[in-house]
Amino acid sequence: MKKTIVLGVTGGIAAFKAAQLTSDLIKKDYDVEVIMTKHATEFIAPLTFESLTKHNVMVSTFEKVADRSVKHISIAKRADLFIIVPATANVIAKIAHGLADDMLTTTFLAASCPKLICPAMNTGMYENPITQNNLKLCRSYGMHILEPASGRLACGDSGKGKLPDIEDIIDKAEELLHTDKPLYGQQVLITAGPTQEALDPVRFLTNHSSGKMGYELARAARDMGAHVTLISGPVSLRLPQDITVIQVKSAQEMMEAVKKEGAQQDIIIKAAAVGDYRAAHISEEKIKKSETELTVTFVKNPDILAMLGERKRPGQLLCGFAMETEDLEENARKKMLEKHCDMLVANNLKVEGAGFQNDTNVATFFYQDKMESLNIMSKRELSFRILETLCSLKENNGGK
Ligand code: CTP
């Protein structure tokens, strides 16, 4: 069944961005109910949201609440998440103190679902101790606050107060919507992306990994309740919310970071496409072209997954990845056994929908004694499948 998000829109210039948020949430198959304050309708018309959500937008002053009390209470009960975008200093002050003088604040007070507040206002208003105290109060009631971004504001000032990017709001919303937390309290380490092996100050050797699979895994593990550390090679992806990200470039840097973080982890997933070789010598100056061929000698990089396999402590689960272009089953089994993994996720780069830059993947899971081929699915869905499988492995054998 579709999850219901109630979106409260208040009277700030960022109100227009709530339309993009609504559209993106609808595309992600959420049911969105919009409630606007009267002031918000000065910035954007209810019709915009009605066209996107296919629901009537509730805009009302307190006097009219009585007529619609059934609807606003039923929406408060049905809501899986309540978001206020943008949240003005005024609405933050009201919800911090339980004021309920219009449809939005009345419904908000009645709702018991998780609540996400996205403040957007002038820096002075945001930094005012009154607003800060109100936000502190909201947090103490269990509301989640997405810190505003810094930048040039509509009033012409520069500073903190910009509405965070829509992608970040959705990222946080999806974390809150995921109520099943089987990884609650667990430490999960994920590596993602390619590595870069320098040849000289301007050139490097790398691969086509986009990091999408690892980043989705990190988000999914966070959504399932884990404390997630993401060790990432150079990628051009948005950093996920509520995840510790350690950025590295080379395989050796990744190795050092993994060594430092690895011991305390309950689950480690090595989704990174680690470069197997690095230049034997990194030129300090730019390598100049000559009339003849260029020969570069490469030496082997450490195998991080194999190192983790050797150091694995009882109870810790290790999941590797394998990217193949031929003999998938044979190669994947070999890697899994040699690197002492509890599970290995293999994909064939030549299969349509699998591989590096896509949002989808076609995977085969390998375990000590069996294998399981999966259909094409989004990397997000696959991430949940991988983590659910690791959860059941943990239950069955404690990862030993
Ligand atoms: N891996 C690693 N360190 C390396 C190479 C690979 O940790 N130096 C990890 C990857 O993160 C992945 C798994 O090992 O989880 C398999 O990586 P893959 O590139 O498919 O295989 P390789 O072991 O490098 O073997 P080959 O390149 O010969 O297929």
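The values are calculated or read from the model by the stated rules, or taken from the named source; none is laboratory data. Note that the structure is a prediction, hence the values are computed from the model and not measured. No Cβ is skipped: glycine too gets one built from the backbone with ideal geometry, and neighbour counts run over all protein chains shown. Remember, those area values only see protein heavy atoms, side chains included, never the ligands or the DNA or RNA. Shrake-Rupley method; radii C 1.70, N 1.55, O 1.52, S 1.80 Å.
Structure data summary
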| item | result |
| --- | --- |
| First in region 114-128 and farther than 27 Å from Leu177 by Cα, second anywhere and of a type in the set (A, V, I, L, M), Cβ under 6 Å, 6 or more apart | Met125/Ala89 |
| Filter result for Ile145 (aliphatic (A, V, I, L, M), at pLDDT 95 or above and crowded, with 19+ Cβ neighbours inside 10 Å) | no |
| Filter result for Thr297 (without any contact (Cβ under 8 Å) to a residue 24 or more places away in the chain and at negative phi) | yes |
| Search result, residues across region 339-352 that are crowded, with 22+ Cβ neighbours inside 10 Å and near the ligand (Cβ under 9 Å from one of its atoms) | Cys341, Leu344, Val345, Ala346 |
| Qualifying residue in region 197-215 (condition: among the aliphatic types (A, V, I, L, M) and either within 22 Å of Gln20 (Cβ to Cβ) or part of a strand (DSSP E or B) (or both)) | yes |
| Selection count where residues are in a loop (DSSP other than H, G, I, E, B), open to solvent by less than 20 Å² (accessible area, probe 1.4 Å) and hydrophobic (A, V, I, L, M, F, W, C), scope region 154-178 | 1 |
| From Thr123, Thr106, Thr131, residue being within 21 Å of Val6 (Cα to Cα) and among the β-branched types (Val, Ile, Thr) | Thr106 |
